[in-house]
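What follows is a short report on a single structure.
Just so it is clear, none of the values below were taken in a lab; they were calculated from the coordinates. Predicted model, so just to flag it, every value in this text is computed and none were measured. Heads up, the Cβs are rebuilt from the backbone with ideal geometry, glycines too, and the neighbour counts pull from every protein chain shown.
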Amino acid sequence: MTDSEQLIETLDARVRRRDSRRTFFTGVLGAAAGAAVLSNAAQAQTTPSPTPSPTATFTEADILNFALNLEYLEANYYAFAVTGAALASADTAGAFGTAGTATGGRAVTFKDPVVQQYANEIYQDELAHVRFLRNQFTSTTVLAQPAIDLSTKAFSAAASAAGLPASFDPYASDEDFLLGAYLFEDVGVTAYKGAAPALINNKLYLEAAAGILAVEAYHAAIVRSVLYRKGIATPSLQLIEATTAISAARDRLDGNPAVDLVRGIAPSDDQGIAPNNTDPLAPVSNIVPLNSNGIAFSRSPAQVLNIVYLNGAAVSSGGFFPAGVNGNIKTSAAAS
Amino acid sequence: MIKDSIFAALELAEVRRAERRRFLKLAGAGAATAGGLALLSACGSSDDNSTSPSPTPSPTPTATPTSGVSTDIGILQLALNLEYLEAQFYSAAAFGQALPAASTTGSVGALGAVTGGRKVNFSDPIIASYAREIAGDEIAHVNALRAVITAAGSTLVINQPAINIDGGANGAFTQAARAAGIVGATGTFDPYESDENFLLAAFLFEDVGVTAYKGASPLIGSAIYLEAAAAILAAEAYHAGLIRAELYRLGLLSPTTSKAITGANAISNARDSLDGVGTDKLPNLNELDEGITRTVNGAQVANIVPADSNGIAYSRSPTQVHNIVYLNKAAAVSGGFFPAGTNNSIDALRSSGANG
């Protein structure tokens, strides 16, 4: 095989890998889905899509509050890992919603100083996001942090959902910490991306949300690439396999929305970091989870709640938020 | 040509073709709701250099419509210029191949050639796999943007302008590296020479892509275009995070010999000196860029994510983006990586800003 033929194989394999997810979807939906994709797309121009985005009915404040819940979750995870303590009450108190505490985390004893530095940097960013979003409100309207469970119990439930060993402690090692971070970071990217169109009438919020989206993507790339290197260096840790399992679990939880390749929506769109190793040329990594148009995925707020509640049905609490999130967007999407 | 068949293989994937058609149709729906020029003034917190009037652009090389084209389309065309540049660079570095004519020809502006570029002989197979991944993503961005623009109007797709990605003494990378002080005044910077040089060259582009898409986000009137742009923004930020983390890791591996950290920080400073001063709306007046380390209590720590004190990534206006890719802090319509300038139906979106 010539180099050029191998090259074709490499690129084609990457396309196939991404396409295979959708092929799977077509099979699940049955005969109608495959051939009807094009006509559905045409209809989508003039008729409401079958699962209209819930964000359309929420205000900009609702969207910001929803985001703040996620930032509370992420910031507390990194705060525990880096400092051993949850966020200070000055960063969590609020007049809107039921105030709760973040519990169950602890400091990670980092062995790799680079991972420790990354953890600290991401912690500072997430704390800044919490403060930025809180600053968009007044003392009488700011959203209170809800109860957040960052114990090994919540993470073990997530691990179970992913088919991983049922006892998972993200504070036990550098690698476990990275897997815990992996669970959250891509979700942040898809959440901000899915919310962006709802902010289109407020350019200030829109640009800020785009900026936070970018930062979450930087974080996700750090976490994914470090896991990739560590996974290749020590295959017995099964790190790459774990990301595939977590992504598959997120995919199961967030349902089967209709394919929209422009907006970046698909029923099976989450991707782990596993490279294509079967190609004769060389592996092509998968640090960046994108569709065949090279664009990142979106999740609606309700789909994001499926993941953080660890529940594929329509519920208003569970998983990392045992009393639910605060604000007007609090119910996860019904199973689809 | 073999090089054409590479991308023909992509095109031939049946599912992909179907998706492409679907993409076109949906993009057409987006055009119907495209916003108007008024949005240019609704710039939000972007750091548009509003005190400097737009320079008078020179006439476009070919007879192209300069009116009646929405800002949304102009922004998409601007993005396509950047994607042409990135895709050609990564495709050369990862595969030793240029994009096929089918992915570079259009109706607006002059079609230009690619100068320079060759396959990197990577020593680290993981970095090679990253290069292949990013190359595939950037090529997908080119094709996706072309499809979106085509759907809005088949004569609105821009030609690929002349692109200089040469690694020689007269190449744009050397010009950038000299300006940044990575090499001396007569030194040469070849991005295809080593893993480290490749990463530094990639670093030069990726953060610019992030700030360009973010800065453009409030200019976009169509919700569909906006979500697509946000998606490419996310992809560019993933790329940038990957490249920055790799440079940081390389720098720590060989602290005395590697230029990974010092070089990245020098490039960041050079970008900052090119793009001028932000507005007083931002806490960081002169700072739209950050290197990959910073100093805390006398110690050097990682700074993989370039973000302001709110943890928010930076924005660049279209003119500021041009300052960087033209490698010119003054108002200009060509230079650096685009020796004949970028192509656009809207002349103002081809110019760099007057930043001194």
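Per-residue Cβ counts within 10 Å, from other chains only, averaged over B:128-140: what number is that?
Numbers: counts 5, 12, 6, 2, 12, 10, 5, 2, 10, 7, 1, 2, 9.
Mean number of neighbouring Cβ atoms from other chains: 6.
Shape call for segment A:58-308 from the C-alpha gyration tensor, a ≥ b ≥ c root eigenvalues: rounded (a/c under 1.5), prolate (a/b greater than b/c) or oblate?
Here segment A:58-308 falls in the oblate category.
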Problem - Three-way shape label, segment A:106-170, alpha-carbon gyration tensor, a/c 1.5 - result: oblate
Fill in the blank from the handout: Karplus ³J(HN,Hα) for segment A:286-296 (6.51 cos²θ - 1.76 cosθ + 1.60, θ = phi - 60°; Hz, whole; x = Gly/Pro) runs 9, 6, 9, x, 9, 8, 5, 8, x, 10, 7
Practice task
Determine the alpha carbon to alpha carbon distance for each of A:203/A:330; A:153/A:193; A:153/B:214 and list only those over 31 Å.
Solution key: A:153/B:214
Problem - segment A:65-113-segment A:171-221 distance, computed between alpha-carbon centres (Å) - result: 16 Å
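For a protection proxy built on the mean count of beta-carbon atoms within 10 angstrom, sort A:325-332, B:232-239, A:233-240, B:176-183 highest first, please.
Working: A:325-332: 23.2, B:232-239: 31.0, A:233-240: 14.1, B:176-183: 21.1.
Highest-to-lowest ranking by the protection proxy: B:232-239, A:325-332, B:176-183, A:233-240.
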Handout entry: FRET efficiency for residue B:296 and residue A:166, using Cβ-Cβ distance with R0 set to 41 Å, rounded to 0.05
Key = 0.55
Exercise for the section: Starting at the first residue of segment A:238-244, write each ³J(HN,Hα) from the Karplus equation 6.51 cos²θ - 1.76 cosθ + 1.60 with θ = phi - 60°, in whole Hz, x for Gly and Pro. Expected result: 6, 5, 5, 4, 5, 5, 4
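For A:134, A:224, B:294, what ranking results if the residue with the fewest other Cβ atoms within 10 Å of its Cβ goes first?
Working: A:134 22, A:224 28, B:294 13.
So the residues, fewest neighbours to most, are B:294, A:134, A:224.
Which shape class applies to segment B:91-172: rounded if a/c is under 1.5, otherwise prolate when a/b exceeds b/c and oblate if not, where a ≥ b ≥ c are the square roots of the Cα gyration tensor eigenvalues?
Values: a/c = 3.55, a/b = 1.55, b/c = 2.28.
Because a/c hits 1.5 or more and a/b fails to exceed b/c, segment B:91-172 counts as oblate.
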Completion exercise
Given backbone amide H placed at 1.01 Å from N, residues whose amide H is under 5 Å from that of residue B:338, ignoring those fewer than 5 places away on the same chain, are B:164
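Can you pull the mean other chain C-beta count within 10 Å for peptide A:180-192? Numbers along the way, then the final one.
Details: counts 0, 0, 0, 0, 0, 1, 2, 0, 0, 6, 2, 0, 2.
Mean number of neighbouring Cβ atoms from other chains: 1.
Please sort A:92-99, A:114-121 by packing, taking for each peptide the average over its residues of neighbouring beta carbons within 10 angstrom, highest first.
Numbers: A:92-99: 17.2, A:114-121: 21.0.
Going by the mean number of other Cβ atoms within 10 Å, highest first, we get A:114-121, A:92-99.
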Problem - Distance between modelled label sites at residue A:234 and residue B:194, nm, 7 Å Cα→Cβ extension - result: 2.9 nm
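Counting partner chain Cβ atoms within 10 Å of every residue's Cβ in A:130-141, what's the average? Numbers along the way, then the final one.
Numbers: counts 1, 3, 5, 2, 0, 1, 0, 0, 0, 0, 0, 0.
Per-residue shielding by partner chains comes out at 1.
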Fill in the blank from the handout: Sorted by chain and number, the residues with a modelled amide H under 5 Å from that of residue A:102, at a separation of 5 or more or across chains, are A:148
Practice task
Starting from the amide H of residue A:321, placed 1.01 Å from N in the peptide plane, find each other amide H under 5 Å away whose residue is 5 or more places distant or on another chain.
Solution key: A:149
Completion exercise
With the dipole of segment A:58-308 defined by +1 on each Lys or Arg Cβ and -1 on each Asp or Glu Cβ, the option from A:217, A:244, A:84 whose Cα lies farthest towards the positive pole is A:84
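Give, in nm to one decimal, the length gained when the segment between residue B:118 and residue B:254 is fully stretched (0.36 nm per residue of separation minus the Cα-Cα distance).
My answer for the length gained is 46.3 nm.
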Handout entry: Exposure proxy order (Cβ contacts within 10 Å, fewest to most) of B:207, A:254, B:124
Key = B:124, A:254, B:207
